[in-house]
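**Q** Have a look at this one.
Quick note: the coordinates plus some simple rules give every number you see, no bench work behind them. Not measured: the values here are computed from a predicted model. Cβ sites come from the backbone with ideal geometry, for glycine too, and all protein chains shown count toward neighbours.
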Amino acid sequence: GEKVEQHESTLSVREGDSAVINCTYTDTASSYFPWYKQEAGKSLHFVIDIRSNVDRKQSQRLIVLLDKKAKRFSLHITATQPEDSAIYFCAASRNNYAQGLTFGLGTRVSVFP
Amino acid sequence: EAAVTQSPRSKVAVTGGKVTLSCHQTNNHDYMYWYRQDTGHGLRLIHYSYVADSTEKGDIPDGYKASRPSQENFSLILELASLSQTAVYFCASSDAGGAREQYFGPGTRLTVL
């Protein structure tokens with residue numbers, strides 16, 4: 001089955017700088033790559049996703065890059081703010097989404113002033 | 001706004017006892033999922049369902065059963081709870097038709113003693 005590796009377990013960034021989280025996956029059939037955010041003591045909520053038909057997607061300060069050849073995707077949080085502090089999870093699935101998501105282990109991002 | 005609720009929010013169970021975790025969604029979504037979150041393991045898919053009265057095994061189904069009596073409700077059943085099932089359990093729902101954003105419930109913290 002699919003395996004998703006999230007390379008950074010923690011990231012500490014100065015407010016205003018960028019944070020980058022890298023993930024790799026194993027299943028070449030995976031075509032959907034979402035990111036979720038979990039704030040302390042709370043549930044997960046969706047932040048951005050990318051599908052295999054594009055290699056870049058931006059939503060406000062969030063940019064996702066996808067390199068299908070390397071089976072790698074990354075989340076870039078630009079101009080970080082204190083409210084960006086959270087755990088971020090990458091995930092992957094095939095287009096047959098009924099089978100659910102395979103998650104990485106999460107990256108704890110801390111933004112300091 | 002999409003709404004997924006879970007009950008109970010926390011539970012202490014004894015080893016060998018039966019535990020039922022409930023999930024209710026008002027999103028009119030066909031797909032529902034149960035994940036567990038453990039420190040060091042991220043989220044892992046236990047069971048999922050894409051239609052009422054039918055459930056499917058996820059990546060780690062052993063020791064768990066699921067029930068989907070209606071589109072809105074999805075339960076996770078531990079017939080014989082074990083220490084290793086201590087975790088936080090999340091329910092999620094998503095729309096039909098391919099890879100889509102999942103909406104997560106607040107989670108249930110289960111402690112098996």
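**Q** Give A:69/B:57; A:3/B:57; A:3/A:68 a once-over and call out the pairs whose C-alpha atoms are over 19 Å from each other.
**A** A:69/B:57
**Q** Sticking with this one: Work out the mean other chain Cβ neighbour count within 10 Å for the residues of A:35-44 and drop it here as an integer.
**A** Working: counts 0, 5, 0, 5, 0, 0, 2, 3, 12, 10.
Mean partner-chain Cβ count within 10 Å for A:35-44: 4.
**Q** Give me the log10 of I(q) over I(0) for the stretch B:48-113 at q = 0.14, 0.20, 0.22, 0.25 Å⁻¹, as the Debye formula computes it from C-alpha points; what are the numbers?
**A** For the stretch B:48-113, the Cα-only Debye profile gives -0.47, -0.93, -1.09, -1.30.
**Q** Below 13 angstrom from the Cβ of residue A:90, what's the summed charge of the other residues (Lys, Arg +1; Asp, Glu -1)?
**A** That sum, taken over residues with Cβ under 13 Å, equals 0.
**Q** Once you wrap a convex hull around the alpha carbon atoms of the protein assembly as shown, what is its projected area averaged over all directions, in nm²?
**A** 12.0
**Q** For the stretch B:28-83, list log₁₀ I(q)/I(0) at each q in 0.16, 0.17, 0.20 Å⁻¹, using the Debye formula over Cα point scatterers of equal strength and ignoring solvent, two decimals each.
**A** -0.48, -0.53, -0.71
**Q** Here's something else I'd like to know. Using only alpha carbon positions, build the gyration tensor of chain B, then give the equivalent ellipsoid semi-axes as the square roots of 5 times its eigenvalues, largest first, whole angstrom.
**A** Square roots of five times the eigenvalues give 23, 14, 13 Å.
**Q** What net charge is computed for the residues neighbouring residue B:39, neighbours being all others with C-beta under 14 Å from the C-beta of residue B:39, Lys and Arg scored +1, Asp and Glu -1?
**A** +3
**Q** Per residue of B:82-93, how many C-beta atoms from partner chains lie within 10 Å of its own C-beta, taken as a mean?
**A** Working: counts 0, 0, 0, 0, 0, 0, 1, 0, 3, 1, 6, 0.
Mean partner shielding for this stretch: 1.
**Q** From the Cα trace of the stretch A:1-83, what convex hull volume per residue do you get, rounded to a whole Å³?
**A** So the per-residue hull volume is 107 Å³.
**Q** Further, regarding this structure: Taking the C-alpha atoms of the stretch A:57-103, how large are the radius of gyration and the largest Cα-Cα span, Dmax, in Å?
**A** 13.0, 36
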